[in-house]
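The values are calculated or read from the model by the stated rules, or taken from the named source; none is laboratory data. Owing to the predicted nature of the structure, the values given are computational and were not obtained by experimental measurement. Backbone-built Cβ (ideal geometry, glycine too); neighbour counts: all protein chains shown.
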């Protein structure tokens, strides 16, 4: 049986997924539900590959790390498979730990553009209708502040208050201009009326 192969590309990063459809769920030939192999290729960096469990953990790590960067938290993610931390504002240090004994960890330094490209490839994979991945974020590795933010519902008052104030100020400013504005034509008419 031939395996299906899908590739997701973004600038200098490509993600390749190989696998089979799950015929027990009546899936099409072109779909992939049983992932047998994946490869993350970053230009000028070593090839990253592994099992499906590794892919899910690495994707979760990158998503959590990018969330920490966006929310101005301390950008640090540590797990038994991958560690990601910021060396500086523009350099990110990734340490991939092998599940096999006596294998040294792989250390990769990437910039913001490569981080963005990797996240984009993962987004393409998540949005693809041809691949099904069981997603399971390990909430034990997420800092409590970020975990609370993931569960927290949107506060509508904070969401609607700024636009409400801006609309009110715009209306108030417009009425003020209309009230004090006196066009030149009206001044001439008023002068003619006053002369008579």
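I'm trying to understand the selection: among the residues of the stretch 48-61, which are part of a helix (DSSP H, G or I) and within 14 Å of residue 38 (Cβ to Cβ)? Before you say what the answer is, go through the steps one by one.
The first filter runs over the stretch 48-61 and keeps only residues part of a helix (DSSP H, G or I), leaving 52-61.
Within the stretch 48-61, 52, 53, 54, 55, 56, 57, 58, 59 meet the criteria.
In the list 123, 102, 117, which residue meets the criterion of being assigned to a helix (DSSP H, G or I) and loosely packed, with under 15 Cβ neighbours inside 10 Å? Working first, answer last.
On the way: 102 fails: assigned to a helix (DSSP H, G or I); 117 fails: loosely packed, with under 15 Cβ neighbours inside 10 Å.
Unique residue meeting the criteria: 123.
Would the stretch 65-76 turn up any residue that is surrounded by fewer than 12 Cβ atoms within 10 Å (Cβ to Cβ) and closer than 20 Å to residue 122 by Cβ? Even if it seems obvious, please write down each step before you answer.
Narrowing the stretch 65-76 to residues surrounded by fewer than 12 Cβ atoms within 10 Å (Cβ to Cβ): 70, 72, 74.
Subsequent filtering for residues that are closer than 20 Å to residue 122 by Cβ retains 70.
Within the stretch 65-76 (the criterion being surrounded by fewer than 12 Cβ atoms within 10 Å (Cβ to Cβ) and closer than 20 Å to residue 122 by Cβ), the answer is yes, since at least one residue qualifies.
Could you tell me whether the stretch 24-41 includes any residue that is more than 21 Å from residue 130 (Cβ to Cβ) and not in a strand (DSSP E or B)?
Within the stretch 24-41, the subset more than 21 Å from residue 130 (Cβ to Cβ) is none.
Within the stretch 24-41 (the criterion being more than 21 Å from residue 130 (Cβ to Cβ) and not in a strand (DSSP E or B)), the answer is no, since none of the residues qualifies.
So for the stretch 161-176 (the condition being at pLDDT 85 or above, surrounded by 14 or more Cβ atoms within 10 Å (Cβ to Cβ) and assigned to a helix (DSSP H, G or I)), does at least one residue qualify?
Looking for residues that are at pLDDT 85 or above, surrounded by 14 or more Cβ atoms within 10 Å (Cβ to Cβ) and assigned to a helix (DSSP H, G or I), one finds none in the stretch 161-176, hence no.
Please enumerate the residues belonging to the stretch 8-23 that are surrounded by fewer than 16 Cβ atoms within 10 Å (Cβ to Cβ) and either in a loop (DSSP other than H, G, I, E, B) or not assigned by TED's automatic domain parsing to the domain that holds residue 127 (or both).
Once the filter is applied, which keeps residues that are surrounded by fewer than 16 Cβ atoms within 10 Å (Cβ to Cβ) and either in a loop (DSSP other than H, G, I, E, B) or not assigned by TED's automatic domain parsing to the domain that holds residue 127 (or both), the stretch 8-23 yields 11, 12, 22.
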